[in-house]
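The structure under discussion appears below in the form of structure tokens.
The values are calculated or read from the model by the stated rules, or taken from the named source; none is laboratory data. All of these numbers come straight from a predicted model, not from anything done at the bench. Neighbour counts run over all protein chains shown; Cβ positions are idealised from the backbone, glycine included. These accessible areas exclude ligands, DNA and RNA; they are computed on the full protein's heavy atoms, side chains included. Shrake-Rupley method; radii C 1.70, N 1.55, O 1.52, S 1.80 Å.
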Amino acid sequence: MPVDDSRDLALSAPDSPSSSPSAPAESARSRGRVRAFLDLVAIEHSVFALPFAFLSALTAMQVNGGRVRWWDLLLITVAMVGARTFAMAANRILDRQIDARNPRTAGRELVTGAVSVRTAWTGAAVALVVFLAAAALLNPLCLVLAPLAVVPLVVYPYGKRFTNWPHAILAIAQAVGPVGAWLAVTGTLDGSWPAWLLGAAVGLWIGGFDLIYACQDSEIDKEIGVHSVPARYGRRFALHASTVAHVVTFGLFVWFGALVGFGWLWWVGLALTAVAFAYQHLVVTPTDLSKVNRAFFTANGFVGIALFVFALLDLVIRLGLRP
């Protein structure tokens, strides 16, 4: 149940100085609530989406003048983290009753009461305001399109209630990042085709992995009425669908690199990405899901970092991007 702070207040007499919480104690309690909220939204997982937003933004900067615009990169970072934090908080709030019925997710902060629903909604609202403010500071087009970017973030938690393919909604939500980063730099839809390719690749990448991740809950999902591809069609089908999604992802990465003129450094990064994709699909099978988390943290983290690093080297060394 949610933590009821009023119980602590009722136990102390307001006119007794000795019973009032000290400033250090109150500060520690506030830090604890902030830390619990950050755990709730898995803030450290922002690293998976950011490299592709940076890749899109830096590529747009190279095409449009060849200089890094640090202020834009900072605002893109703030916008990405704000949007993702809002999405995760909303997801956890809307799914808290489902999470309580699933042994794998029953320890999440809103289920255990480590974070109250009110705190989660407050954090989500603050994150949304931060996202919209960053979009407004970037350019008018970003501000106008920002509400559209929020739509799939809100729809996704409901997806598992009305479709067997909520993973597709997640893919759309993730595709927004690279497109938004490109528009943040250019302020126009003209010439943004590379960003749409990269966005589609990122969306299919994350959506494809979500198919793997959902296999963990296929049996309990069927019991409690949650929709997903593994629950409806089985783990084997879901893993095959994930493989297809990642093959198409790789093809889109190839297309993106060729379209923007990347050289051999990009292709080295892409070769390493192919290895990571293959590893991810080799270690997870319909009968052995014990390495799903390893695939998530190791393979997916490596994909984003490797592609970004090699693309950055290509942008700087070959294509002349300047700080």
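General remarks:
- Which listed residue, of ALA214, ALA181, ALA195, is part of a helix (DSSP H, G or I), open to solvent by 10 Å² or more (accessible area, probe 1.4 Å) and either in contact with a Phe, Trp or Tyr (Cβ under 8 Å, 6 or more places away or on another chain) or not charged (D, E, K, R) (or both): ALA214
- Test: residue in the range 152-168 that is in contact (Cβ under 8 Å) with a residue 40 or more places away in the chain and in contact with a Gly (Cβ under 6 Å, 6 or more places away or on another chain): yes
- Residue count for the range 85-96, restricted to those that are charged (D, E, K, R) and open to solvent by less than 20 Å² (accessible area, probe 1.4 Å): 1.
- Wholly within the range 1-80, helices (runs of 4 or more DSSP H) carrying at least 1 residues that are modelled with pLDDT of 60 or more: 23-40, 50-63
- Considering the range 91-110, the residues that are polar (S, T, N, Q) and in a helix (DSSP H, G or I) include one that is nearest to VAL150 (Cα to Cα), namely ASN91.
- Any hit, the range 250-264, residues being in a helix (DSSP H, G or I), in contact with a Phe, Trp or Tyr (Cβ under 6 Å, 6 or more places away or on another chain) and either open to solvent by 40 Å² or more (accessible area, probe 1.4 Å) or among the basic types (Lys, Arg) (or both): no
- Residue count, the range 275-285 (criterion: buried (at least 16 other Cβ atoms within 10 Å of the Cβ) and of a type in the set (A, V, I, L, M, F, W, C)): 4
- Selection of the range 233-263 for residues being farther than 18 Å from ALA278 by Cα and either without any contact (Cβ under 8 Å) to a residue 12 or more places away in the chain or among the acidic types (Asp, Glu) (or both) yields only ALA258.
- Residue match in the range 133-140 (condition: of a type in the set (S, T, N, Q) and farther than 22 Å from ALA49 by Cα): no
- Residue within the range 286-306 that is in a helix (DSSP H, G or I), surrounded by 15 or more Cβ atoms within 10 Å (Cβ to Cβ), in contact (Cβ under 8 Å) with a residue 12 or more places away in the chain and over 21 Å from the mean Cα position of the chain (by Cα) present: no
Residues checked against (1) over 29 Å from PHE308 (Cα atoms); (2) surrounded by fewer than 17 Cβ atoms within 10 Å (Cβ to Cβ):
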residue	(1), (2)
VAL47	no, yes
GLN62	no, no
ARG67	no, yes
TRP71	no, yes
THR77	no, no
ILE98	yes, no
GLY107	yes, yes
SER116	yes, no
TRP121	yes, yes
